[in-house]
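Quick notes on the structure that follows.
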Amino acid sequence: MARLYSPPFIHQGNIAVRRISRRGWLAGGAGAVLGTVLLPSEVHPRNVERTVTGTTAELLARVRTPKKQPALVLEASYQEGAFDALAVDCPFVFRHDGRFYMAHIGFDGVGYRTGLASSSDLLHWRKEGLLIDRGPKGSVTEFNVALTWILRDNDLFGPGTLRKVDGRFLGTYHAYPRPGYEAGPAVIGLCRSDDLRSWELDEPFLHASDADAGDWERGGLYKSCLLEHDGRYYLFYNAKYAESPHNEQTGLVVSDDLKHWRRHDANPLVRNGPAGAVDDRFCSDPCVLRVGGTWLMFYFTLSTDGHARDTVAFSKDLVHWEKSNEILIDVGPEGSIDSRYAHKPSVFAHEGLVYHFYCAVAPPKQPRMGDVDVREIRGIALATS
């Protein structure tokens, strides 16, 4: 029997019946709760907090990617029983042994598992199958395991290769405690590999229930991004409030030895904008890279208009972040692959061009794809400079 992938919002015309969840906000429910839906043109101007000038403006010009590919570069298999039967999500692109690779998450109706794809040109991708499978019954990864980052060189315009720690590749994962789409408060942990094919998972070190966790993250943790700079490890992650409307923001933990981690006192570092701003609900899924002496955090926003979009912020010290107030990847028109959401960035540069991979979501054109019934089309898209 085919699985039915049902998002937590049922749309009836312009009305959304609300089921509280992360995907609920990403299904346009915020507008329904507030009784109005804001158009993008009404939202963007109100997000201005600082004027972008000088070096920041030059950086923005370098990372803009206006050329969207019209079709997904990686899509769900729509095969009953496959790890990516219903969706592919959360790309992480890197270079290894002369080829390009994309770690990504697949969703099968039970939960997340992690897959791998490869490419010779960053445009055409071949799936290479499952990378990390779910764990045994009773384990923290019984229902979900989502690898979201592998430690790499820090520079956006660098080689894009991975770095090793103690002779091994080092990644970060998160896992949700129950079956379903991001069901329950996730935890974050490290994982290690000798060959990028077999991974050993450490026990989670970051929980929403930790004694030092802030109110802003008590509802659960999401994607993490790990980098090393001057001998210190920085792990950025987004999290949500336990109380409705479960706004998401991005914070930081640091470690000098990968064993003892400390939450930053200023958390969350990237906070929601004022009511009506393009990021008044979510500032999520950080992707942190460096250009010259400036750090860039690519991340996605969610506004009360119900759409998710990618943007970028800048920092000199990895702690104090200046929002660019510019949407780098906006949702497309009706009928396009990203008419609902254009979010979850993985940004990569090659031969001077910037490749901005993201998760695109649109309504399906038919209720059944392959072996499964679907309520949305969710896959990996690409925009280039």
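A short reminder: the numbers here are calculations on the coordinates, not readings from a lab. All of these numbers come straight from a predicted model, not from anything done at the bench. A quick note on method: Cβ atoms are made from the backbone with ideal geometry, for glycine too, and the neighbour counts reach across all protein chains shown.
Worth pointing out:
- Note on segment 144-185: among residues that are of a type in the set (Gly, Ala, Ser) and over 23 Å from ALA208 (Cα atoms), the one that is surrounded by the fewest Cβ atoms within 10 Å (Cβ to Cβ) is GLY167.
- For segment 291-323, a residue qualifies if it is outside any loop (DSSP other than H, G, I, E, B) and of a type in the set (A, V, I, L, M), and the qualifying residues are VAL291, LEU296, MET297, LEU302, ALA308, VAL312, ALA313.
- Unmet requirement for HIS124, which otherwise passes all of (1) assigned to a strand (DSSP E or B); (2) over 20 Å from ASN238 (Cβ atoms): (1)
- In the set (1) assigned to a strand (DSSP E or B); (2) over 24 Å from LEU122 (Cα atoms), the condition left unmet by ARG375 is number (1).
- Scanning segment 324-340 for residues that are within 17 Å of the chain's Cα centre (by Cα) and assigned to a loop (DSSP other than H, G, I, E, B) yields ILE327, LEU328, ASP330, VAL331, ASP338, ARG340.
So that you can scan it fast, the table gives a plain yes or no per residue for (1) out of contact with any Lys or Arg (no Cβ under 7 Å at 6 or more places or on another chain); (2) buried (at least 22 other Cβ atoms within 10 Å of the Cβ):
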| position | (1), (2) |
| --- | --- |
| VAL312 | yes, yes |
| ASP338 | yes, yes |
| ALA349 | yes, no |
| HIS356 | yes, yes |
| PRO367 | yes, no |
| ILE377 | yes, yes |
| SER385 | no, no |
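- Segment 82-130 - residue that is free of Cβ contacts under 8 Å to residues at least 60 places away in the same chain and farther than 21 Å from LEU382 by Cβ and, of those, surrounded by the fewest Cβ atoms within 10 Å (Cβ to Cβ): ASP97
- Against the conditions (1) over 21 Å from ALA85 (Cα atoms); (2) touching a strand residue (DSSP E or B) at 6+ places or on another chain (Cβ under 8 Å); (3) touching a residue at least 40 places away in the same chain (Cβ under 8 Å), THR304 satisfies every one except (2).
- Test result for ASP265, in contact (Cβ under 8 Å) with a residue 12 or more places away in the chain, part of a loop (DSSP other than H, G, I, E, B) and of a type in the set (D, E, K, R): no
- ASP285 being under 27 Å from PHE94 (Cβ atoms) and either in contact with an Asp or Glu (Cβ under 9 Å, 6 or more places away or on another chain) or among the acidic types (Asp, Glu) (or both): yes
- Test result for VAL288, under 19 Å from ARG152 (Cβ atoms) and free of Cβ contacts under 8 Å to residues at least 24 places away in the same chain: no
- Meeting the requirement of 3 or more residues that are within 23 Å of ARG163 (Cα to Cα) and among the hydroxyl-bearing types (Ser, Thr, Tyr), the strands (runs of 3 or more DSSP E) wholly within segment 185-245 are 232-240.
- Segment 60-79, subset touching a residue at least 40 places away in the same chain (Cβ under 8 Å), out of contact with any strand residue (DSSP E or B) (no Cβ under 6 Å at 6 or more places or on another chain) and of a type outside the set (S, T, N, Q), residue surrounded by the fewest Cβ atoms within 10 Å (Cβ to Cβ): PRO70
- Search result, residues across segment 96-132 that are of a type in the set (Val, Ile, Thr) and either under 16 Å from the mean Cα position of the chain (by Cα) or more than 23 Å from LEU201 (Cβ to Cβ) (or both): ILE105, THR114
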